[in-house]
Amino acid sequence: MGLRDTYAYAIQTAKGKFDGSAQEQDGKLHFVGSVKSEGEANEIWNAIKTIPTWKNDVIADIKVVPPPAGAAPAGKTYTVKSGDTLSAIAKAHLGDANAYMKIFEANKDQLTDPNKIQPGQVLRIP
């Protein structure tokens, strides 16, 4: 059984997040590449560390490379303007004013009431 088999869970965890490779070389597993956030890096590290001998088996260079400034975030966003309502935003962006609760649910980290939005808030549009 090779190191890639031993660390199959870590390799699987890295899929879709890790832009790089995990190659076995000279008796070590080399994780070399980048991720978009500290959270993704930590998730991969936690998976690697499930194997007690990881310190002897793995050489990892996992860099965090956030998307460039000004790059579009994952999904759409909308900056609230004076006079906006979630219903109006939902109609404009989702085609249905009654879909305002979808926007509210996607932004519960900053909204406590669907009737209380403030100009300047940047809302995620699902």
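The values are calculated or read from the model by the stated rules, or taken from the named source; none is laboratory data. These numbers were taken from a predicted model, which means no experiment stands behind them. Glycine gets a Cβ as well: all are built from the backbone with ideal geometry, and neighbour counts include every protein chain shown.
Can you name the condition, by its number, that Ala60 falls short on among (1) hydrophobic (A, V, I, L, M, F, W, C); (2) not in a loop (DSSP other than H, G, I, E, B); (3) not assigned by TED's automatic domain parsing to the domain that holds Tyr9?
Among (1) hydrophobic (A, V, I, L, M, F, W, C); (2) not in a loop (DSSP other than H, G, I, E, B); (3) not assigned by TED's automatic domain parsing to the domain that holds Tyr9, the lone unmet condition for Ala60 is (3).
Given the conditions (1) out of contact with any Asp or Glu (no Cβ under 6 Å at 6 or more places or on another chain); (2) outside any strand (DSSP E or B), report the number of the one that Gln23 does not fulfil.
For Gln23, the exception is condition (2).
Can you tell me which residue is nearest to the chain's Cα centre (by Cα) among those in region 9-20 that are over 12 Å from Gly33 (Cβ atoms) and surrounded by fewer than 14 Cβ atoms within 10 Å (Cβ to Cβ)? Show your work before the answer.
Just the residues of region 9-20 that are over 12 Å from Gly33 (Cβ atoms), to begin with: 9-10, 12-13, 16.
Next, from what is left, pick out any that are surrounded by fewer than 14 Cβ atoms within 10 Å (Cβ to Cβ): 9, 12, 16.
Details: Tyr9: 19, Gln12: 16, Gly16: 10 Å.
Among residues in region 9-20 that are over 12 Å from Gly33 (Cβ atoms) and surrounded by fewer than 14 Cβ atoms within 10 Å (Cβ to Cβ), the one nearest to the chain's Cα centre (by Cα) is Gly16.
Name the single residue that is farthest from the chain's Cα centre (by Cα) among those in region 73-107 being under 29 Å from Ser37 (Cβ atoms), among the charged types (D, E, K, R) and at pLDDT 90 or above.
By that ranking, first place goes to Lys102.
Of everything in region 85-111 that's of a type outside the set (Lys, Arg) and not in a helix (DSSP H, G or I), which residue is nearest to Arg124 (Cα to Cα)?
The residue in question is Asn107.
Within region 26-45, track down each residue that is part of a helix (DSSP H, G or I), loosely packed, with under 14 Cβ neighbours inside 10 Å and free of Cβ contacts under 8 Å to residues at least 24 places away in the same chain. It would help to see each step written out before you state the result.
From region 26-45, those part of a helix (DSSP H, G or I) are 38-45; that's our starting set.
Keeping just the survivors that are loosely packed, with under 14 Cβ neighbours inside 10 Å gives 38-39, 42.
Matches in region 26-45: Gly39, Asn42.
Pick out the one residue from Asp109, Asp113 that is closer than 27 Å to Thr13 by Cβ, loosely packed, with under 14 Cβ neighbours inside 10 Å, free of Cβ contacts under 8 Å to residues at least 40 places away in the same chain and of a type outside the set (A, V, I, L, M). Steps first, please.
Values: Asp113 fails: closer than 27 Å to Thr13 by Cβ.
Residue meeting the stated conditions: Asp109.
Ile51 passes all but one of (1) of a type in the set (Val, Ile, Thr); (2) under 13 Å from Thr6 (Cβ atoms); (3) surrounded by fewer than 13 Cβ atoms within 10 Å (Cβ to Cβ); which number fails?
If we test Ile51 against (1) of a type in the set (Val, Ile, Thr); (2) under 13 Å from Thr6 (Cβ atoms); (3) surrounded by fewer than 13 Cβ atoms within 10 Å (Cβ to Cβ), just (3) comes out false.
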